[in-house]
Amino acid sequence: MSALVVDALTVAFGRFTALDAVSLAVDQGEVRAVIGPNGAGKTTLLDVISGITKPVSGRVMLDDSIDLTKCSEAEIARAGVRRKFQKPSVFPALTVRENIEMGCGPALKARARVARVAAVLDEISLAPRAAVQAGALAHGEKQWLEIGMVLAAEPALLLLDEPVAGLSDAETAQTAALIRDLRRPDRAILVIEHDMAFVEAIADRVTVLHEGRTLYEGSMQGARGDARVIEVFLGR
Ligand SMILES: Nc1ncnc2c1ncn2[C@@H]1O[C@H](COP(=O)(O)OP(=O)(O)OP(=O)(O)O)[C@@H](O)[C@H]1O
Ligand SMILES: [Mg+2]
């Protein structure tokens with residue numbers, strides 16, 4: 001079963017076509033990376049999935065049941081789609097634990113909340129830092145906390161926009177290990193990233209976008225051997 005099916009999605013900004021009949025399907029449990037040159041349409045794709053941008057045509061089906069292009073941003077979040085934006089937006093004056101509590105949402109009962117926060121702290125390896133103010137964290141730790149805040153909502157589809165931008169090599173390797181550990185049969189993860197070594201470490205498959213079209217879909221190894229992908233992107 002597909003967690004996400006993007007079907008002939010076309011997005012225009014005025015007369016400019018940012019996405020031109022893009023289709024892709026992400027399986028349940030899959031980690032998919034979307035890669036491609038600047039301006040390819042990667043962020044625009046995430047903007048449509050999360051309801052910020054509406055397409056000219058096409059559909060975005062979640063779990064083969066809901067067309068997200070017909071939903072508001074709030075409805076999309078309620079359906080279990082969560083996004084980590086590129087710039088960390090943690091609450092600096094709150095502790096790590098309190099930030100994750102914010103991510104749980106108001107509906108969760110107190111005891112369940114405590115258990116969920118503990119589980120998330122564990123997943124992002126920040127349990128020893130739970131009482132630290134988020135503003136005092138290193139940049140990499142802030143990125144992991146932000147991932148923790150979206151994990152706290154138990155998303156069915158997790159969208160990550162450049163999660164290792166600005167991180168050191170060691171932090172990038174740690175983030176790759178973290179994302180591999182997040183893989184669960186009931187959770188699909190879609191990652192935009194420019195760091196190809198990182199992509200190779202985490203992604204089951206990659207989708208290469210170029211000028212609003214899908215150039216390639218398959219393994220990262222296959223992408224490295226694809227003449228068109230090399231020409232427009234990897235060879236540069
Ligand atoms: N709101 C907008 N209005 C007009 N043009 C836009 C808008 N948003 C994006 N674009 C254009 O659409 C194209 C795709 O942009 P997008 O941000 O999706 O690319 P990207 O693949 O995320 O690039 P990058 O790797 O640089 O982040 C670009 O040419 C961009 O200038
Ligand atoms: Mg972008």
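Just so it is clear, none of the values below were taken in a lab; they were calculated from the coordinates. Only a predicted model underlies this, so the values are computations on that prediction, with no experimental measurement involved. Neighbour counts run over all protein chains shown; Cβ positions are idealised from the backbone, glycine included.
Would you work out which of Ser57, His194, Val90 lies farthest towards the positive end of the dipole of the chain? Charges go on Cβ: Lys and Arg +1, Asp and Glu -1.
Comparing the listed Cα positions along the dipole, Val90 ranks first.
Please order Ile52, Ile192 by the number of other Cβ within 10 Å, starting at the fewest.
So the ranking, lowest neighbour count to highest, is Ile52, Ile192.
Provide Met220, Met1, Met196 in ascending order of the number of other Cβ atoms located within 10 Å of each residue's Cβ, fewest first.
So the ranking, lowest neighbour count to highest, is Met1, Met196, Met220.
Would you please give the FRET efficiency between Asn38 and Ala115, computed as 1/(1 + (r/R0)^6) with r the Cβ-Cβ distance and R0 = 41 Å, to the nearest 0.05?
0.45
Report the gain in length on full extension from Lys54 to Asp181: 0.36 nm times residue separation, minus Cα-Cα distance, nm rounded to one decimal.
In short, 42.5 nm is gained.
Expressed as a rounded percentage, what relative contact order does segment 89-154 have, with Cα pairs under 8 Å and six or more residues apart?
53 percent
For segment 210-224 and segment 89-151, what is the separation of their Cα centres, given in Å?
35 Å
How much net charge surrounds Val11 when only the other residues with a Cβ under 11 Å from the Cβ of Val11 are counted, with Lys and Arg +1 and Asp and Glu -1?
Result for the local shell: -1.
Place the peptides 137-149, 68-80 in order of packing, highest mean first, counting for every residue the other Cβ atoms within 10 Å and averaging per peptide.
137-149, 68-80
Any chance you could run the full-extension gain for Glu211 through His194? It's 0.36 nm times the residue separation minus the Cα-Cα distance, nm to one decimal.
4.5 nm
What value, in deg cm²/dmol to 500, does the helix sum -39500 (n - 2.57) over DSSP H runs of n ≥ 4 give at 222 nm once divided by the residues of the chain?
After summing the helix terms and dividing by the residues of the chain, the value is -9000 deg cm²/dmol.
Could you tally up the Lys pairs in the chain with alpha carbons closer than 25 Å? Skip any pair fewer than 8 positions apart unless they're on separate chains.
Lysine pair count for the chain: 12.
How charged is the neighbourhood of Glu30? Take every other residue with its Cβ under 14 Å from the Cβ of Glu30, and add Lys/Arg as +1 and Asp/Glu as -1.
Once all neighbours under 14 Å are counted, the net charge is +1.
For segment 153-236, what relative contact order do you get, as a whole percent, if you take Cα pairs closer than 8 Å and at least 6 residues apart?
Computed value for segment 153-236: 23 percent relative contact order.
Tell me the relative contact order for the chain as a rounded percent, counting alpha carbon contacts under 8 Å between residues six or more apart.
The normalised contact order for the chain reaches 27 percent.
Mind sorting Val164, Val26 by how few other Cβ atoms lie within 10 Å of their own Cβ, fewest first?
Val26, Val164
Once you put a point 7 Å from the Cα of Ile66 and another 7 Å from the Cα of Val5, both along the Cβ direction, what distance in nm separates them?
Result for the modelled spin labels: 1.7 nm.
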